[in-house]
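What follows is a short report on a single structure.
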Number of protein chains: 2
Amino acid sequence: MKIAVLGVGLIGGSIGMAARRRLDAEVAGYDPDPAVSDKALELGAIGEASVSVPEAVDGAELVFCAAPVAALPGLVAEALDATGEGTVVTDVGSTKRLLLGEFSSQPRFVGGHPLAGAETAGVANAHAELFEGARWYLTPTAKTEGILYDRLQRAIGDFGARPQAIEAEDHDRLMATVSHLPHVLANVLVSQAAEELRGESERLPEVGPSFRDTTRVAGANPPIWADIFATNSDAVAAEIDGVIERLQEAAKLLRDGDNDALEAWHQDAGESRRELIEAASTGGELRELRIRVPNRPGIVAELALALGNAAVNIEDMALYPAADMRSGAISVWVAGREEAERAAALVRDLGHDASIVE
Amino acid sequence: MKIAVLGVGLIGGSIGMAARRRLDAEVAGYDPDPAVSDKALELGAIGEASVSVPEAVDGAELVFCAAPVAALPGLVAEALDATGEGTVVTDVGSTKRLLLGEFSSQPRFVGGHPLAGAETAGVANAHAELFEGARWYLTPTAKTEGILYDRLQRAIGDFGARPQAIEAEDHDRLMATVSHLPHVLANVLVSQAAEELRGESERLPEVGPSFRDTTRVAGANPPIWADIFATNSDAVAAEIDGVIERLQEAAKLLRDGDNDALEAWHQDAGESRRELIEAASTGGELRELRIRVPNRPGIVAELALALGNAAVNIEDMALYPAADMRSGAISVWVAGREEAERAAALVRDLGHDASIVE
């Protein structure tokens, strides 16, 4: 089987590696930047660096378009034009409706979106296992040719991913909720704080751990995010409308001064979060272990080693340095109460205070 | 000098320990729960467990009220009633205006708020160094007796903290911005996602790292937070109003479809965050190092050890497990570009991909 990858960055390169290793496929890659395709060739992400889209897709049964969202419509059109009946063309963009709007009547195009790799970029970070266990959304339409869809889905499964069909509309709404909206809120929070605090430079307060966590994704990768927002603008704007309504309710709750209602609202939020995060975890209910520690170099290592040696896996971690940066607390999340208790005992053996957050 | 601590949890117990160790003070403690004061006595947080407020404050020059926010007005009044001219009474509550509203004409009361200890609770976690380097806000008024304020400020400085006078109003607005508001946004985000996704249980998506970070503080410690919100409700509500306005602008930006404006908005947010976080850091501009790693037990240890052995201190850290929980990325933040490059080299020597986020 020949596979073509158009755009050989992190995702495209990883698709190439997975296809070569797991499907023993012949992989041709094209990238508008020849230095990138040379690098991909050197890393073994592709078996052949093509100089044009038609050359890359010639004879391919499967074509992956792995370009930035804004470049996809042109690239998909070019790939479809350059191929015939036996070739299925797909993409890996973070939003799906705009593309589907253009190609929904094309039986050979199936939109796709693997939930992997958001945290790095570039072919240098590509690897064959990137998609292992990852959800990979596919957006077939009524016009999609069954046999081509099946071929695509099988290849994705062979990469180790979990393909799932979804309407483009539902996909974009889901992503707006769990990914795009958090970025918007982080941006807004940070902008508001910066503006308010600039006037108070003499007492710019130490921003605490809650502010750090809540705003960590603010302003990540502007060009890519501008594209994502732009191609999902109505769904993200609708999410924002929903948040505005909830914020108005929260402001009312605060101004009404009903303490019990406030506490119930706050408690509900905590339960909702556990429910959502656990859905993403593999080993059961996540438990938080809080550990008070000196913030010296090596302390994270000491803790993680103790847990690692006992085969306790850390699912999530947050550091809360104290103001002097010489002491602080570390929260680690592990799967299940029993694991949390083992972890607490191990940490206490090292002489640190540890408590499981109830 | 005799110091009284009313309420001997994490903060009260740590005040007692700091006063005994650093001021060589005689410390009497009172807690409404006798088991707690017994524990505090056993841990050396106090030198004497009193059975009532009057007994504890008898002869004390300095009285710290370290009860939950809602209990403070009654406790401060009782402490003032039971003491005379030579005694200064202070508190450690997270909000200041309500209390000042009641006691602003009292020359012997000075409101206080140490920014420390938010991440744990209970006298078992108390320690004498909790306040080392921490900002400790004080809210003197025009009526405050100078000599008493000076005594309080000196004691706090001796605990290792950095006392700073601030108007109660300014304090509560600052806290609303950098602490209370992030909690509100986390709650709202998680509630909205939970409601929307409950209807889609068959495809509950893996919530990604952005969602995790942004919502980490959602629903933390409901009774304490209900009190904080209730006693700072108008400032928090005003912050919410500000966020609503910004969200309306963001929604408009999205619906207008001006890609350049979106990108500029996103970029501004990233710059604002760096500015705010750096103000809290000691060693210069924070740089983010992204590392791709297998998610096996011990991997955090391996990285942290390599950095720790080279005396690179980790200021902040976030784990981004991939969907299979067997691989993923870790971001560590270190102070300064040079340190980041050293860290990157160390990590690469271990055979991992590492890149400094530009």
Response to the item:
Residue hits (the range B:28-65; in contact (Cβ under 8 Å) with a residue 24 or more places away in the chain and assigned to a strand (DSSP E or B)) are B:Ala28, B:Gly29, B:Tyr30, B:Leu62, B:Val63, B:Phe64, B:Cys65
Worksheet item: Applying the selection to the range A:211-254, what residues are open to solvent by 10 Å² or more (accessible area, probe 1.4 Å), of a type in the set (S, T, N, Q) and under 18 Å from B:Asp213 (Cα atoms)?
Response: A:Asn221
Practice prompt. Within the range B:136-173, count every residue that is within 16 Å of B:Ile240 (Cβ to Cβ) and either without any contact (Cβ under 8 Å) to a residue 40 or more places away in the chain or open to solvent by 20 Å² or more (accessible area, probe 1.4 Å) (or both).
Written response: 1
Worksheet item: Only one of (1) surrounded by fewer than 20 Cβ atoms within 10 Å (Cβ to Cβ); (2) in contact with a Ser or Thr (Cβ under 8 Å, 6 or more places away or on another chain) fails for B:Ala71. Which number is that?
Response: (2)
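Condition test on A:Ser179, is it under 26 Å from B:Ala251 (Cβ atoms), touching a Lys or Arg at 6+ places or on another chain (Cβ under 8 Å), modelled with pLDDT of 85 or more and at the interface with chain B (Cβ under 7 Å from one of its Cβ atoms)? Lay out the reasoning, then the answer.
Values: under 26 Å from B:Ala251 (Cβ atoms): yes; touching a Lys or Arg at 6+ places or on another chain (Cβ under 8 Å): no; modelled with pLDDT of 85 or more: yes; at the interface with chain B (Cβ under 7 Å from one of its Cβ atoms): yes.
No.
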Practice prompt. Keeping to the range A:30-60, report how many residues are within 20 Å of A:Arg151 (Cβ to Cβ) and either at pLDDT below 95 or charged (D, E, K, R) (or both).
Written response: 1
Discussion item. With the structure loaded, tell me whether B:Pro209 is in contact with a Phe, Trp or Tyr (Cβ under 6 Å, 6 or more places away or on another chain) and at pLDDT 90 or above or whether it fails that test.
Written reply: no
Worksheet entry | Residue match in the range A:301-310 (condition: open to solvent by less than 20 Å² (accessible area, probe 1.4 Å), closer than 30 Å to A:Thr177 by Cβ and either within 7 Å of another protein chain (Cβ to nearest Cβ) or modelled with pLDDT of 80 or more (or both)) | no
Item to complete: State whether one or more residues within the range B:46-53 are open to solvent by 20 Å² or more (accessible area, probe 1.4 Å), within 21 Å of B:Leu130 (Cα to Cα) and of a type outside the set (D, E, K, R).
Response: yes
Worksheet item: If we keep just the residues of the range A:124-154 that are out of contact with any Pro (no Cβ under 9 Å at 6 or more places or on another chain) and of a type in the set (A, V, I, L, M), which is farthest from A:Val8 (Cα to Cα)?
Response: A:Ala142
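Checking the condition modelled with pLDDT of 90 or more and not small (Gly, Ala, Ser), which residue from B:Leu174, B:Leu115, B:Leu80 passes? Break it down into steps so the answer makes sense when it comes.
Values: B:Leu174 fails: modelled with pLDDT of 90 or more; B:Leu115 fails: modelled with pLDDT of 90 or more.
That would be B:Leu80, the only listed residue that is modelled with pLDDT of 90 or more and not small (Gly, Ala, Ser).
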Response to the item:
Among (1) closer than 18 Å to B:Ala168 by Cα; (2) touching a helix residue (DSSP H, G or I) at 6+ places or on another chain (Cβ under 7 Å), B:Glu61 falls short only on (1)
Discussion item. Exactly one condition in (1) surrounded by fewer than 21 Cβ atoms within 10 Å (Cβ to Cβ); (2) free of Cβ contacts under 8 Å to residues at least 60 places away in the same chain; (3) more than 16 Å from the chain's Cα centre (by Cα) is false for A:Gly133; which is it?
Written reply: (3)
Worksheet item: Within the range B:108-117, is even one residue open to solvent by less than 10 Å² (accessible area, probe 1.4 Å), touching a Phe, Trp or Tyr at 6+ places or on another chain (Cβ under 7 Å) and over 19 Å from B:Val8 (Cβ atoms)?
Response: yes
Discussion item. Under 6 Å between Cβ atoms, which residue pairs at least 6 apart in sequence (or on different chains) link something in the range A:246-262 that is within 7 Å of chain B (Cβ to nearest Cβ) and under 15 Å from B:Ala235 (Cβ atoms) with a partner that is hydroxyl-bearing (Ser, Thr, Tyr) and buried (at least 17 other Cβ atoms within 10 Å of the Cβ)?
Written reply: A:Leu254/B:Ser233
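Condition check: modelled with pLDDT of 95 or more and surrounded by 22 or more Cβ atoms within 10 Å (Cβ to Cβ). Does A:Val27 satisfy that? Give the derivation first.
Numbers: modelled with pLDDT of 95 or more: yes; surrounded by 22 or more Cβ atoms within 10 Å (Cβ to Cβ): yes.
Judged against the criteria, A:Val27 is a match.
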Worksheet item: Looking only at the range B:138-166, which residues are within 30 Å of A:Ile356 (Cα to Cα) and in contact with a Gly (Cβ under 8 Å, 6 or more places away or on another chain)?
Response: B:Gly160, B:Ala161
Discussion item. Is it the case, given these coordinates, that A:Arg287 is at pLDDT 70 or above, more than 26 Å from B:Phe131 (Cβ to Cβ) and assigned to a strand (DSSP E or B)?
Written reply: yes
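Mind checking which strands (runs of 3 or more DSSP E) fall wholly inside the range B:316-358 and carry at least 1 residues that are within 7 Å of chain A (Cβ to nearest Cβ) and modelled with pLDDT of 80 or more?
Working: elements: B:316-321, B:327-335, B:353-356.
Filter on the range B:316-358 gives B:353-356.
The values are calculated or read from the model by the stated rules, or taken from the named source; none is laboratory data. Keep in mind that this is a model prediction, so the values were computed, not measured. FYI the Cβ positions are ideal-geometry reconstructions off the backbone, even for glycines, and counts take in every protein chain you see. For accessibility, only protein heavy atoms count, side chains too; no ligands or nucleic acids. Shrake-Rupley method; radii C 1.70, N 1.55, O 1.52, S 1.80 Å.
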